[in-house]
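Novice: Questions regarding the structure given below will be posed in turn.
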Amino acid sequence: MKKSILGFGIMAIMFAFNTSYAQGSQENVKAKQAEQHKKLSAEEKANKRTDKLVTDLGLDSKQEASVREANLAHFREMEQIRSEMKTLKEKSKAERDANRAAINSVLTAEQKTLLAEKEEMHKKKMADKKGGHKK
């Protein structure tokens, strides 16, 4: 009986220690991820990727220059595409909002309430289907 109580006590202490240790390491991981995900310029991204390829593949200086140039062109193009996507997303949101306002202007208060309820049901259905709604 004493051995089982002692064993249980030791297990409880080990569990508490492991839990506190894991929480500290999770905070460190999050800090490192935040640092890694900071905004880098196209040049910094290209240099970082090129340096990795040089290390991993053993590129010579001529290959390195060509790869660096290709990476730089790629990251500059991706910046432009992301900017265009952001603009289109904002335009799309403005259009949805204008459409919503036009529809709401012709609905009665009861119809607006019914529409809001239907939208909420749809959000819940999508959340159940996909494991969570982004809004």
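The values are calculated or read from the model by the stated rules, or taken from the named source; none is laboratory data. Fair warning: this is a prediction, and the values are worked out from it, not measured in the lab. Every residue, glycine as well, gets a Cβ built from its backbone with ideal geometry; the counts of neighbours run over all protein chains shown.
Novice: So the check is Cβ under 9 Å with 6+ separation or different chains; which pairs have a first residue in region 65-89 that's among the aliphatic types (A, V, I, L, M) and a second one that's surrounded by fewer than 14 Cβ atoms within 10 Å (Cβ to Cβ)?
Specialist: Val67/Leu57; Leu72/Glu43
Novice: Would you point out which residue out of Ala73, Ala94 is exposed (fewer than 12 other Cβ atoms within 10 Å of the Cβ) and either under 30 Å from Ser41 (Cβ atoms) or over 21 Å from the mean Cα position of the chain (by Cα) (or both)?
Specialist: Numbers: Ala73 fails: exposed (fewer than 12 other Cβ atoms within 10 Å of the Cβ).
Among Ala73, Ala94, only Ala94 is exposed (fewer than 12 other Cβ atoms within 10 Å of the Cβ) and either under 30 Å from Ser41 (Cβ atoms) or over 21 Å from the mean Cα position of the chain (by Cα) (or both).
Novice: Go through region 37-62 residue by residue and tally those that are exposed (fewer than 10 other Cβ atoms within 10 Å of the Cβ) and part of a helix (DSSP H, G or I).
Specialist: 4
Novice: Return the pairs, sorted by first residue and then second, in which the second residue is part of a helix (DSSP H, G or I), the first residue lies in region 106-123 and is without any contact (Cβ under 8 Å) to a residue 40 or more places away in the chain, the beta carbons are less than 7 Å apart, and the residues are 6+ apart or on different chains.
Specialist: Cβ pairs passing all conditions: Leu107/Leu115; Lys112/Asn104.
Novice: Kindly list, by first and then second residue, each pair from a residue in region 24-42 that is under 25 Å from Glu69 (Cβ atoms) and at pLDDT 70 or above to a residue that is of a type in the set (Phe, Trp, Tyr) and surrounded by 10 or more Cβ atoms within 10 Å (Cβ to Cβ), limited to pairs with Cβ atoms under 9 Å and residues at least 6 apart or on different chains.
Specialist: Leu40/Phe75; Ser41/Phe75; Ala42/Phe75
Novice: If you don't mind, there's one more thing I want to ask. Among the residues of region 63-70, is there at least one that is surrounded by 14 or more Cβ atoms within 10 Å (Cβ to Cβ), at pLDDT 95 or above, of a type in the set (S, T, N, Q) and within 28 Å of the chain's Cα centre (by Cα)? Explain how you work it out, then say what you get.
Specialist: The initial filter retains those residues of region 63-70 that are surrounded by 14 or more Cβ atoms within 10 Å (Cβ to Cβ), namely 63-64, 67-68.
If we keep only those that are at pLDDT 95 or above too, we end up with 63-64, 67-68.
Checking the rest, the ones that are also of a type in the set (S, T, N, Q) come to 63.
Add one more test, that the residue is within 28 Å of the chain's Cα centre (by Cα), and what stays is none.
For region 63-70, residues surrounded by 14 or more Cβ atoms within 10 Å (Cβ to Cβ), at pLDDT 95 or above, of a type in the set (S, T, N, Q) and within 28 Å of the chain's Cα centre (by Cα): absent.
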